[in-house]
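In what follows, a single structure is set out as structure tokens and then discussed.
The values are calculated or read from the model by the stated rules, or taken from the named source; none is laboratory data. Here the structure is a predicted model, which means the values were calculated and not measured. Methodologically, a virtual Cβ is constructed for each residue, glycine included, from the backbone with ideal geometry; neighbour enumeration extends over all protein chains shown.
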């Protein structure tokens, strides 16, 4: 029997930052949700420049959360005259918010007039809180969102079988020490199977366990400046040559 879906609880810290009691971690930096999404995930994957000239661009994300990375990516796509005709966004979320809590969260954290109507559009078609894969389309089908409400280790192999091929990967689970299940070799092996040869990735963390697991599963990484006071984060690509870990 499938594990029942347990939704997220909307809680804010005193500074207004959304917080997860389950993982004892924040959803985004106090320096700003959209600013973090743009620095870490868009800039970290070389977007929007990398999608120029492609007929379709696919983003694969671990940890949908409040959907800020999706909204920032959608807004960047809309603003880019050289955007691909199709933007496909695929994301895993084990503990999604209800539609009402998603609206409340967006009202508190979305501070960009260009993104607000996108957030409203997302909330208006938010799936029921049921385990499984939910697909939504926007902009007459030019932007597609595939939401997988389940454990990443369980759903990623299913998505791989069904032909998801990622151009960019957003690694955005809670911190590895708080949510280790999102950073396992099993998860990274599935991501590697779905990564195109020229795929890139970005993540807010630079934890040693993440660096090691990346290398063991065929990704090269480098450290760059983090966001909101974080000294470093990781970006990288699929490795073009085998890497062997000996210690």
### Message
For the range 2-9, check the following and say yes or no: at least one residue is under 21 Å from residue 231 (Cα atoms) and surrounded by 13 or more Cβ atoms within 10 Å (Cβ to Cβ).
### Response
no
### Query
Going through the range 11-23 one residue at a time, which ones are closer than 14 Å to residue 95 by Cα and assigned to a loop (DSSP other than H, G, I, E, B)?
21, 22, 23
### Query
Does residue 202 count as closer than 26 Å to residue 16 by Cα, in a helix (DSSP H, G or I), at pLDDT 95 or above and touching a helix residue (DSSP H, G or I) at 6+ places or on another chain (Cβ under 6 Å)?
no
### Query
Residues of the range 178-189 being assigned to a loop (DSSP other than H, G, I, E, B) and either under 30 Å from residue 53 (Cα atoms) or touching a strand residue (DSSP E or B) at 6+ places or on another chain (Cβ under 9 Å) (or both), which ones?
178, 179
### Summary
Taking the range 126-138 and keeping only residues that are without any contact (Cβ under 8 Å) to a residue 12 or more places away in the chain and outside any strand (DSSP E or B), one is left with 128
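Just to check your reading of the model, which residue among 42, 71 is assigned to a helix (DSSP H, G or I), out of contact with any strand residue (DSSP E or B) (no Cβ under 9 Å at 6 or more places or on another chain) and modelled with pLDDT of 95 or more? Give the derivation first.
On the way: 42 fails: out of contact with any strand residue (DSSP E or B) (no Cβ under 9 Å at 6 or more places or on another chain).
Exactly one of 42, 71 is assigned to a helix (DSSP H, G or I), out of contact with any strand residue (DSSP E or B) (no Cβ under 9 Å at 6 or more places or on another chain) and modelled with pLDDT of 95 or more, namely 71.
Count, please, the residues in the range 24-35 that happen to be modelled with pLDDT of 90 or more and either loosely packed, with under 13 Cβ neighbours inside 10 Å or out of contact with any helix residue (DSSP H, G or I) (no Cβ under 7 Å at 6 or more places or on another chain) (or both). I'd like the intermediate steps shown before the answer.
Filtering the range 24-35 for residues modelled with pLDDT of 90 or more gives 33-35.
Cutting the leftovers down to either loosely packed, with under 13 Cβ neighbours inside 10 Å or out of contact with any helix residue (DSSP H, G or I) (no Cβ under 7 Å at 6 or more places or on another chain) (or both) gives us 35.
Here the count works out to 1.
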#### Entry: Whichever residue in the range 151-175 is surrounded by fewer than 19 Cβ atoms within 10 Å (Cβ to Cβ) and under 23 Å from residue 28 (Cβ atoms) and, among such residues, is modelled with the lowest pLDDT
175
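Condition first: closer than 23 Å to residue 31 by Cβ and either in contact with a helix residue (DSSP H, G or I) (Cβ under 9 Å, 6 or more places away or on another chain) or at pLDDT below 95 (or both). Now tell me which residues in the range 222-244 satisfy that. Working first, answer last.
Just the residues of the range 222-244 that are closer than 23 Å to residue 31 by Cβ, to begin with: 222-235.
Of everything in the range 222-244, those that are closer than 23 Å to residue 31 by Cβ and either in contact with a helix residue (DSSP H, G or I) (Cβ under 9 Å, 6 or more places away or on another chain) or at pLDDT below 95 (or both) turn out to be 223, 224, 225, 226, 227, 228, 229, 230, 231, 233, 234, 235.
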### Message
Looking for something surrounded by fewer than 21 Cβ atoms within 10 Å (Cβ to Cβ), in contact (Cβ under 8 Å) with a residue 60 or more places away in the chain and under 18 Å from residue 121 (Cβ atoms) - is there at least one such residue anywhere in the range 40-55?
### Response
no
